[in-house]
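First the structure, in the form of structure tokens, and then the observations on it.
The values are calculated or read from the model by the stated rules, or taken from the named source; none is laboratory data. Computed from a predicted model, the values in this text were never measured in an experiment. Here the Cβ is made from the backbone with ideal geometry for all residues, glycine too, and neighbour counts use every protein chain on show.
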Amino acid sequence: MFILLHMMMLKNAANIIWRHSEVLGVDRNYITFIGDSAGGHLALISALRVRNTGQWLPRQLILIYPMLDATASSYSYKINGSDYVLTSDTLLSGFEAYFPNTDFTHPEASPLFRNDFAGLPPVHIITAEYDPLRDEGEDLFNRMIDQGVTCTAQRYLGVIHGFFQLGGISQTARNLMRDICTRICSVDKI
């Protein structure tokens, strides 16, 4: 129930922005769902829910090292899950807090394993080389391509989970921020 309530609230917020875009000064052509880590998970699930209404879609999704597999079954969880600030245990405790009493294979807890991505707008996935979540982001890229979604992915080398938030000290983070701004502003070129 907890997960369903949060996802409903996000879908409702997105629909309010869509319906009232003119009053809010929002150009509907530029609405992009973006999220990093758990926010990437929320952006993806929100887009799936909005798509299922059949009323509208965001122009694109940008998923920055998204959390997609609550079962923590990827190889990168094993090799990057203990030495790079964010540990596998920390990630799993987040899933446990966010999805209490929910089977971790539930399609909204672990969207990586869904088979219903067709019909989503273009998606860009960013992964970090030393991130426990790296493989699931790259696996999502392959699943989306297999399901007919226009999708691109980029692995940033030499960085860890959370690097996007380090723009004050990281040139790589600033480069990613610049890339995201370009993707949003170049919406007609998707």
Among residues of segment 19-34, those that are assigned to a strand (DSSP E or B) and either touching a Pro at 6+ places or on another chain (Cβ under 7 Å) or over 17 Å from VAL123 (Cα atoms) (or both), counted: 2
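How many residues are free of Cβ contacts under 8 Å to residues at least 40 places away in the same chain and within 17 Å of ILE184 (Cα to Cα) if we restrict to segment 18-39? Steps first, answer last, please.
Just the residues of segment 18-39 that are free of Cβ contacts under 8 Å to residues at least 40 places away in the same chain, to begin with: 18-28, 31, 33, 35, 39.
If we keep only those that are within 17 Å of ILE184 (Cα to Cα) as well, we get 18, 21, 25-28, 31, 33, 35.
Of the residues in that region, 9 qualify.
Which of the residues that make up segment 70-88 are loosely packed, with under 14 Cβ neighbours inside 10 Å and among the aromatic types (Phe, Trp, Tyr)?
Narrowing segment 70-88 to residues loosely packed, with under 14 Cβ neighbours inside 10 Å: 75, 78, 82-83, 85.
Within segment 70-88, just TYR75 meets the criteria.
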Unmet requirement for GLY39, which otherwise passes all of (1) under 24 Å from TYR156 (Cα atoms); (2) at pLDDT below 90; (3) surrounded by fewer than 21 Cβ atoms within 10 Å (Cβ to Cβ): (2)
Which numbered condition ILE16 misses (of (1) in a helix (DSSP H, G or I); (2) surrounded by fewer than 21 Cβ atoms within 10 Å (Cβ to Cβ); (3) in contact with a Gly (Cβ under 9 Å, 6 or more places away or on another chain)): (3)
Scan of segment 119-137 for residues that are in contact with a helix residue (DSSP H, G or I) (Cβ under 9 Å, 6 or more places away or on another chain) and either surrounded by fewer than 17 Cβ atoms within 10 Å (Cβ to Cβ) or farther than 20 Å from LEU157 by Cβ (or both), ordered by number: GLY119, LEU120, PRO121, VAL123, GLU129
Yes/no for ASP135 being modelled with pLDDT under 90, assigned to a helix (DSSP H, G or I) and out of contact with any His (no Cβ under 9 Å at 6 or more places or on another chain): no
Test for GLY167: is it more than 24 Å from LEU48 (Cβ to Cβ), small (Gly, Ala, Ser) and assigned to a loop (DSSP other than H, G, I, E, B): yes
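Please verify whether VAL159 is in contact with a Cys (Cβ under 7 Å, 6 or more places away or on another chain) and buried (at least 18 other Cβ atoms within 10 Å of the Cβ), treating the condition exactly as stated. It would help to see each step written out before you state the result.
On the way: in contact with a Cys (Cβ under 7 Å, 6 or more places away or on another chain): no; buried (at least 18 other Cβ atoms within 10 Å of the Cβ): yes.
No; evaluated as a whole, the condition is false for this residue.
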Unmet criterion (only one of (1) under 17 Å from GLN60 (Cβ atoms); (2) surrounded by fewer than 18 Cβ atoms within 10 Å (Cβ to Cβ); (3) touching a residue at least 24 places away in the same chain (Cβ under 8 Å); (4) not aliphatic (A, V, I, L, M)) for CYS181: (3)
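Conditions (1) in contact (Cβ under 8 Å) with a residue 60 or more places away in the chain; (2) of a type in the set (Phe, Trp, Tyr), marked per residue:
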{"site": "GLN55", "(1), (2)": "no, no"}
{"site": "THR71", "(1), (2)": "no, no"}
{"site": "TYR77", "(1), (2)": "no, yes"}
{"site": "SER93", "(1), (2)": "no, no"}
{"site": "TYR98", "(1), (2)": "yes, yes"}
{"site": "THR102", "(1), (2)": "yes, no"}
{"site": "ALA109", "(1), (2)": "yes, no"}
{"site": "GLY119", "(1), (2)": "yes, no"}
Residue in segment 118-128 that is under 15 Å from ILE62 (Cβ atoms), among the small types (Gly, Ala, Ser), in a helix (DSSP H, G or I) and modelled with pLDDT of 90 or more present: no
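Restricting attention to segment 89-112, and to residues there that are buried (at least 17 other Cβ atoms within 10 Å of the Cβ) and of a type outside the set (A, V, I, L, M), which single residue is nearest to PHE141 (Cα to Cα)?
First, pick out the residues of segment 89-112 that are buried (at least 17 other Cβ atoms within 10 Å of the Cβ): 91-92, 95, 98-99, 102, 108-112.
Retained after the next criterion (residues that are of a type outside the set (A, V, I, L, M)): 95, 98-99, 102, 108, 110-111.
Working: PHE95: 22, TYR98: 24, PHE99: 24, THR102: 25, GLU108: 17, SER110: 15, PRO111: 12 Å.
Among them, the one singled out is PRO111.
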Subset of segment 42-68 that is assigned to a loop (DSSP other than H, G, I, E, B) and under 11 Å from the mean Cα position of the chain (by Cα) - its residue that is farthest from GLY94 (Cα to Cα): TYR65
